[in-house]
Amino acid sequence: MSHVFGRHSKTSPRRASIGKGAYIYDADGKEYFDGSGGAAVSCLGHSDPDVIAAIQAQVGQLAYAHTSFFTSDPAEELADRLVQAAPGSLEKVYFVSGGSEAVEAALKLARQYFVEIGEPQRHRFIARRQSYHGNTLGALATGGNEWRKQAFAPIMVETSLISPCYAYRGQQDGETAFDYGQRVANELEAELERVGPETVIAFVAEPVVGATLGAVASVDGYFRRIREICDRYGILLILDEVMCGMGRTGSLFAHSHDGITADIVTIAKGLGAGYQPVGAMMCTAAIHDAIAAGSGFFQHGHTYIGHPTACAAGNAVVSKLTGGLVENCAAMGEKLQNALQSAFGQHPHIGDIRGRGLFIGLEIVEDRASKKPFDPSAATHKKLKSTAFENGLLCYPMGGTVDGRHGDHILLAPPFIIEDAHVDEIVSKLEKTFSAVF
């Protein structure tokens, strides 16, 4: 009997043994193509020698130093790298151990910023339905993933939710994509007026919605309108790039595609590529300086923030990403999307194929013409996951795509190192999976 407290007490996961390139092998030697990078984490694949060497070197020199006493060379170097690459005026980096921590830090920083500048009445956040921002209480509260939130709702911070920018389901007949985007963006202004803009801290959104919607990017002009509204009403724009950032969409920062700047950005997953648990919250100089000119103390912190070994891994990862792998992600993402469209573009149970870079979603439907989803009782996404797993493909199916209960999708997020043969392997294993499930 295992003494590990697993994710689900009624299943017994297989034991992973070895990772090589784009593959993971279990204890019995079975090979699995890592088509989802775990949870969009393993952007470099497994057993990358350069990242391993960086970790080993750092552990040999200084594994850990608490940030109440010290900074470290790896943390300083990684912060410099990220600031140099970031759009806009993101100038300060707060290192954490993962995505939920990064979002929690962002929410607390945003609240403290307004306290420091004399606007303590701001206590609300606005986010979007069908979003996901993490599993700590603050991050969970600002997300729109209802089944994850339900049990904990009584102890969450106050958040109101507006529509996602989800053109496949939301764009009306005769409505242009641009007009649709403006319409749903304007829901932010309406919600600000409803609750009182003076009570709102920030709007929180994923530039490309990951786990809950399945790689849904906004239409052109949506985020520019969101930025205008935030500026007009004096609220902050927090962009959650934990899943979609660090090159996953074909640019190092996902919101670069939308031509906007953010006040706070959260990153994780691909920052450490699975080699170390590391994430970061980045903010503008204006936010940092408001605290520096006031109390001088960000009222937050965890034991492992700024961990030197984790930052050393992050340095090695970002060096490889900016050394050509992000461009490869964009190129291979286009090839994979084209191959998926060719194979499944007219499949009776694939309603939509979408995404950016190597961040791709396939929405599963019972009827393609009407977009009717399968009944939730069919647990279609679970069948797809288990069947693909048996076929040697790791993918990321989820349910509740449409409204938190109905709808299924598959999320693909393979390593940026994939080649043409891997594209063929993904498609062939999905074909085998769909044939069995449907």
remark   = The residue that is nearest to E158 (Cα to Cα), considering only those in the stretch 181-212 that are part of a helix (DSSP H, G or I) and open to solvent by less than 10 Å² (accessible area, probe 1.4 Å), is L192
Residue in the stretch 393-403 that is surrounded by fewer than 17 Cβ atoms within 10 Å (Cβ to Cβ) and farther than 29 Å from H255 by Cα present = no
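Here's the yes/no breakdown for (1) under 30 Å from L340 (Cα atoms); (2) touching a strand residue (DSSP E or B) at 6+ places or on another chain (Cβ under 9 Å):
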| residue | (1), (2) |
| --- | --- |
| A40 | yes, yes |
| L44 | yes, no |
| L62 | no, no |
| E76 | no, no |
| A79 | no, yes |
request  = Can you confirm whether the stretch 222-239 contains a residue that is aliphatic (A, V, I, L, M), open to solvent by 10 Å² or more (accessible area, probe 1.4 Å) and under 28 Å from L321 (Cα atoms)?
outcome  = no
task = Scan the stretch 346-390 for residues that are charged (D, E, K, R), free of Cβ contacts under 8 Å to residues at least 24 places away in the same chain and either within 16 Å of G210 (Cβ to Cβ) or crowded, with 17+ Cβ neighbours inside 10 Å (or both) and report the count.
result = 2
query = Somewhere in the stretch 418-438, is a residue of a type in the set (F, W, Y) and open to solvent by 70 Å² or more (accessible area, probe 1.4 Å)?
reply = yes
inquiry  = Which of the numbered conditions does M156 fail, given that it passes all the others? Conditions: (1) under 29 Å from E363 (Cα atoms); (2) under 22 Å from the mean Cα position of the chain (by Cα).
reply    = (1)
note = Exactly one of A75, A57, A79, A39 is under 18 Å from A262 (Cβ atoms), small (G, A, S) and assigned to a helix (DSSP H, G or I), and that one is A79
ask   = on the phi > 0 side of the Ramachandran plot, modelled with pLDDT of 95 or more and either surrounded by 18 or more Cβ atoms within 10 Å (Cβ to Cβ) or in a helix (DSSP H, G or I) (or both), is that true of Q112?
value = no
request  = Could you tell me whether any residue of the stretch 159-180 is at positive phi, in a loop (DSSP other than H, G, I, E, B) and free of Cβ contacts under 8 Å to residues at least 60 places away in the same chain?
outcome  = yes
Among the residues listed as A57, A75, the single one being open to solvent by less than 40 Å² (accessible area, probe 1.4 Å) and either in contact with an Asp or Glu (Cβ under 7 Å, 6 or more places away or on another chain) or of a type outside the set (F, W, Y) (or both) = A75
inquiry  = Let me confirm something: among S251, S256, which residue is in a helix (DSSP H, G or I), modelled with pLDDT of 95 or more and either open to solvent by 20 Å² or more (accessible area, probe 1.4 Å) or within 16 Å of V318 (Cβ to Cβ) (or both)?
reply    = S256
Candidate set from the stretch 328-345 (those that are touching a Phe, Trp or Tyr at 6+ places or on another chain (Cβ under 9 Å) and either closer than 24 Å to G270 by Cα or at pLDDT below 95 (or both)); member that is surrounded by the fewest Cβ atoms within 10 Å (Cβ to Cβ) = N328
ask   = Do we have any residue at all in the stretch 318-327 that's of a type in the set (S, T, Y), part of a helix (DSSP H, G or I) and surrounded by 22 or more Cβ atoms within 10 Å (Cβ to Cβ)?
value = no
query = Is it the case that some residue within the stretch 85-106 is part of a loop (DSSP other than H, G, I, E, B), out of contact with any strand residue (DSSP E or B) (no Cβ under 7 Å at 6 or more places or on another chain), among the polar types (S, T, N, Q) and open to solvent by 30 Å² or more (accessible area, probe 1.4 Å)?
reply = no
query = Regarding Y32, is this residue open to solvent by 40 Å² or more (accessible area, probe 1.4 Å) and among the aromatic types (F, W, Y)?
reply = no
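Let's see how each residue does on (1) under 23 Å from the mean Cα position of the chain (by Cα); (2) closer than 28 Å to G21 by Cα; (3) at pLDDT 95 or above; (4) of a type in the set (G, A, S):
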| residue | (1), (2), (3), (4) |
| --- | --- |
| G392 | no, yes, yes, yes |
| Y396 | yes, yes, yes, no |
| H406 | yes, no, yes, no |
| I418 | yes, yes, yes, no |
request  = Give the number of residues within the stretch 291-317 that are crowded, with 20+ Cβ neighbours inside 10 Å and of a type in the set (G, A, S).
outcome  = 6
remark   = Contact list, first residue from the stretch 26-51 and within 21 Å of N315 (Cβ to Cβ) and touching a residue at least 40 places away in the same chain (Cβ under 8 Å), second anywhere and among the basic types (K, R) and surrounded by 23 or more Cβ atoms within 10 Å (Cβ to Cβ), beta-carbon distance below 7 Å, six or more apart or interchain, is A40/R248; A40/K269; V41/K269; C43/R248
inquiry  = Is it the case, given these coordinates, that D263 is in contact with a strand residue (DSSP E or B) (Cβ under 6 Å, 6 or more places away or on another chain) and open to solvent by 10 Å² or more (accessible area, probe 1.4 Å)?
reply    = yes
query = Pairs under 6 Å by beta carbon, first residue closer than 17 Å to G143 by Cα in the stretch 219-245, partner among the polar types (S, T, N, Q) and modelled with pLDDT of 95 or more, six or more apart or different chains?
reply = D240/T266; V242/T266
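The values are calculated or read from the model by the stated rules, or taken from the named source; none is laboratory data. Predicted, not measured: the structure shown is a model, and the values here were computed from it. Cβ sites come from the backbone with ideal geometry, for glycine too, and all protein chains shown count toward neighbours. Areas reflect the complete protein model, heavy atoms only, side chains present, ligands, DNA and RNA absent. Shrake-Rupley method; radii C 1.70, N 1.55, O 1.52, S 1.80 Å.
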